[in-house]
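Data first, discussion second: the structure below is written as structure tokens.
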Amino acid sequence: MSFTLAIVGRPNVGKSTLFNRLVGKRLALVDDEPGVTRDRREGMGRLGDLVFTIIDTAGLEESARDTLSGHMRTQTQAAIAKADAVLFLIDARAGLTPTDRAFAELVRRNGKPTIVVANKSEGAAGEAGALEAYALGLGEPVAVSAEHGEGMADLYEALRRALPEATEAHDRQDKTPEGGVAGAERPIRVAVVGRPNSGKSTMVNRLLGEERVLTGLEAGTTRDAVAVDLVWRGRNFRMYDTAGLRRRSRVVDKLEKLSVADALNAVRFADVVIVLMDVEKPFEEQDLRIADLVEREGRAIVLVMNKCDLVKRRPNAANLRREADHWLPQVAGVAIFPISALSGEGLDELMQGVVDAYAVWNRRIATNVLNRWLAEAIAAHPPPAVSGRRLKLNYITQPKARPPSFVLFCTRADAVPGDYLRYLVNGLRNGFDLPGTPIRLTLREKDNPYARR
């Protein structure tokens, strides 16, 4: 039996730093500027022998419900409702503020076990603030330094006292020889990327059926790459909503650089990447750069034309196919789906397309079948002679998938022309039904037994 913790508090008290400390990775963006975190972010935390779900939340602020800050507060309240216990953070160096007192009352009304954590308590400067936290009436404060890892043992003991049943059940589960879930299917990791304000968060919310991530008319609402779990037709997915990717020359703000780096990291660890485009302005230069990045990273790719509800006529599938193959020949045949993230139109077809792209990305081909294909390809179009000497292609094999990767053994690998390599890659794509997936073809020279004579 695991349990869930929510980290709450006013802006800039170190919630994301503590979150990163507990999950053991730099998952959440951290900066001196207040209000960096906007969406709630979940991770698997570990403290001693305790393993739990930890939720990082946006800083609590007094604001109207319809504003961005108001939506952020709603997300925080949803995290508190989901949690088994709350870590209420204050800044020990700044001491208690009226905002701390107001939101301590909000946490108290929820009735969840609450641990007051006086962060930034390292050194003499933090001692007074940690003692001042008694005034909140939420029990004994725990003095920690999330940045330096101090006070984690005290936080462990506080968790034991706050959740005695959950932590004891966790101990019993750990002692059971077969405590884990065997044969659990790994979810398909799907990153949603695109230019700012293309509708990424709206699409993720529509798939989930709830306002899980923040949306807004202004560009740049999303900062962290937020991971959410989705079950579609009995299949498990882990969706990553990412920040909008602008041209590198336009990214000058430090916070936006961190957001872009987080989005690129989500792409590198994804199985399938959905590239979202605006149907009124498809295949712009930045869209093509993003798609090319995904191909170079070797991820399965799906193209999506969003905001179809804003155009009078649904985009013509044949025209979209011609444009995609013209602008992105490196992923010829890539699946394209016109959708409306706002109304949900086309999302079922999109998710089936993600499953299909994932299957192609994982496809393996037997060596004997590959070599029959190679013989036919060479017979149809023999490799050219270079400098008066012919090239000999011996055999081909597929050492790995994800993406499909092939090794071709030949003579004079450095002399094989690029256009002939493209002919072979296109032949592999068409001959073995590998549409839209990156294909890696590596040339390797076969050892010459007479080289030393």
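The values are calculated or read from the model by the stated rules, or taken from the named source; none is laboratory data. Keep in mind that this is a model prediction, so the values were computed, not measured. Cβ sites come from the backbone with ideal geometry, for glycine too, and all protein chains shown count toward neighbours. Note: areas computed on protein heavy atoms with side chains; ligands, DNA, RNA excluded. Shrake-Rupley method; radii C 1.70, N 1.55, O 1.52, S 1.80 Å.
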Hey, how many Å between the Cα centroid of the range 377-444 and the Cα centroid of the range 307-337? 28
Please give the helix 68-82 orientation as an angle from the longest Cα principal axis of the chain, in degrees from 0 to 90, rounded to the nearest 10. 80
Over the chain, with the other protein chains present, what is the accessible area per residue in square angstrom, probe 1.4 angstrom? 49
Kindly rank 20-27, 195-202 from highest to lowest mean number of other beta carbons found within 10 Å of each residue. 195-202, 20-27
Net charge of Cβ neighbours under 15 Å - reference Y423; Lys, Arg +1; Asp, Glu -1: 0
What ranking do 298-309, 230-241 get when scored by the average of other Cβ atoms within 10 Å per residue, highest first? 298-309, 230-241
Angle, helix 98-110 long axis vs. longest principal axis of the chain, Cα atoms, 0 to 90°, nearest 10? 80
Once the piece of chain linking K312 and T74 is laid out straight, how much longer is it, given 0.36 nm per residue of separation minus the C-alpha distance between them? 82.1 nm
Bridge orientation stat for the range 266-362 from DSSP, antiparallel percent rounded to 5, came to 10
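Tell me the carbon and sulfur percent of the accessible area for the chain, rounded to whole percent, probe radius 1.4 Å.
49
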Relative to the longest principal axis of the chain, what angle (0 to 90°, nearest 10) does the C-alpha long axis of helix 418-431 take? 80
Which net charge results when you count Lys and Arg as +1 and Asp and Glu as -1 among the other residues whose beta-carbon is under 10 Å from that of I188? +2
Which label in (1) 88, 63, 42; (2) 110, 58, 49; (3) 72, 46, 44 gives the computed Cα extents along the principal axes in Å: (1)
Of the listed pairs K15/K120; K281/K307; K257/K281; K281/K312, which have alpha-carbon separations greater than 19 Å here? K257/K281
